[in-house]
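Q: I have a structure here, written as structure tokens, and I will follow up with some questions on it.
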Amino acid sequence: MEQYAFSKELSERIVRGILKGYKSYIDERNEKKQEFLISSAYAWVIGNHIDHYVAVETKDLGIRHQHSKAGYSWGYLQFLDVRNKNLFLIKNGDGIAKNKQSARRRHPDGYIEMMAKRINGNIDFSESLVVHEQMNLFPMYEQTELDLEPLEGEIQQLEEKVEQFYIVTYNINEQKMISNISLCLPHPETYELHVVDDWTKYIDTVGVKISEKDLARLADDQEPDNQVSFDV
């Protein structure tokens with residue numbers, strides 16, 4: 001699926017934005033940890049930091065961004081590459097279930113699944129089934145019933161602008177460091193994520209340094225589960 005990979009420059013910019021956002025989150029988290037008696041709720045804003053800095057880093061490459069809530073009370077950014085007709089979101093990969101059978105849901109397809117079905121239907125995934133890692137998109141927890149009808153108009157508009165819908169995933173290891181970043185295409189029927197490009201190789205080359213001292217101050221934190229920090 002190399003034909004679906006992003007340019008090296010855009011890939012590096014997105015990785016730099018993710019790392020800058022994570023560093024910004026760590027700095028603010030540590031600051032509030034000193035200021036407040038309790039500050040664990042700041043763990044919920046990591047996605048806001050990352051989305052912001054990805055938007056800043058990619059703006060001069062022509063990447064547009066728009067706010068979306070996907071039926072929930074908190075928002076996130078959608079990123080649109082108009083020239084290449086690509087749409088992508090940033091998501092914590094630790095919140096993606098690895099066991100499809102244990103993550104069945106009781107409600108209709110969620111927003112991400114709807115976009116995968118409507119946008120990625122013309123992509124040939126056959127070659128990726130053997131050579132690319134797959135991860136199930138189903139959340140690891142039970143979601144509440146959603147009214148997705150109001151989102152139909154937004155998805156219809158996106159269908160007119162884009163031909164590929166991606167999810168950029170990042171993972172945080174036990175040392176609190178981002179250890180993996182991947183560009184993925186969600187399958188329109190199985191909703192599995194097919195890794196198009198592994199961007200982990202850029203983590204040490206884009207010029208964003210996060211010290212062990214910064215990470216050490218987060219070591220004793222009890223954070224909310226990662227899988228609910230970006231529930232769409």
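Q: Among the lysines, which have Cα under 24 Å from the Cα of residue 8 when same-chain residues fewer than 8 positions away are ignored?
A: Partners within reach: 20, 23, 59, 85, 91, 161, 201, 209.
Q: For 85, 201, 91, give me the order by solvent-accessible area with a 1.4 Å probe, most accessible first, ignoring ligands, DNA and RNA.
A: 201, 85, 91
Q: Once the whole set of protein chains is in place, how much accessible area is left on residue 190, using a 1.4 Å probe, in Å² to the nearest 10?
A: 40 Å²
Q: Once you list every other residue whose beta carbon is under 10 Å from the beta carbon of residue 21, what net charge do they have if Lys and Arg are +1 and Asp and Glu are -1?
A: Working: positive: 16, 20, 23; negative: 51, 57.
Residues near residue 21 contribute +1 overall.
Q: Further, regarding this structure: Whole angstrom only: what separates the Cα centroid of segment 160-189 from the Cα centroid of segment 1-48?
A: 14 Å
Q: I'd like the accessible area for residue 9, computed on protein heavy atoms only with a 1.4 Å probe and all protein chains in place. Round to 10 Å², please.
A: 100 Å²
Q: Based on the mean of other Cβ atoms within 10 Å per residue, sort peptides 45-51, 177-183, 206-212 so the most packed one is first. Please report the intermediate quantities before stating the final value.
A: Numbers: 45-51: 21.3, 177-183: 19.6, 206-212: 12.9.
In descending order of packing, they fall as 45-51, 177-183, 206-212.
Q: Could you order 199, 44 so the one with the most accessible surface comes first? Probe is 1.4 Å.
A: Numbers: 199 0, 44 120 Å².
The most accessible residue leads, giving 44, 199.
Q: Also, I was wondering about something else. When all protein chains stay in place, what accessible area (Å², nearest 10, 1.4 Å probe) is found for residue 16?
A: For residue 16, the solvent-accessible surface is approximately 60 Å².
The values are calculated or read from the model by the stated rules, or taken from the named source; none is laboratory data. Fair warning: this is a prediction, and the values are worked out from it, not measured in the lab. Note: ideal-geometry Cβ built from the backbone for every residue, glycine included; neighbour counts use all protein chains shown. Surface accessibility is based on the protein's heavy atoms, side chains included, excluding ligands, DNA and RNA. Shrake-Rupley method; radii C 1.70, N 1.55, O 1.52, S 1.80 Å.
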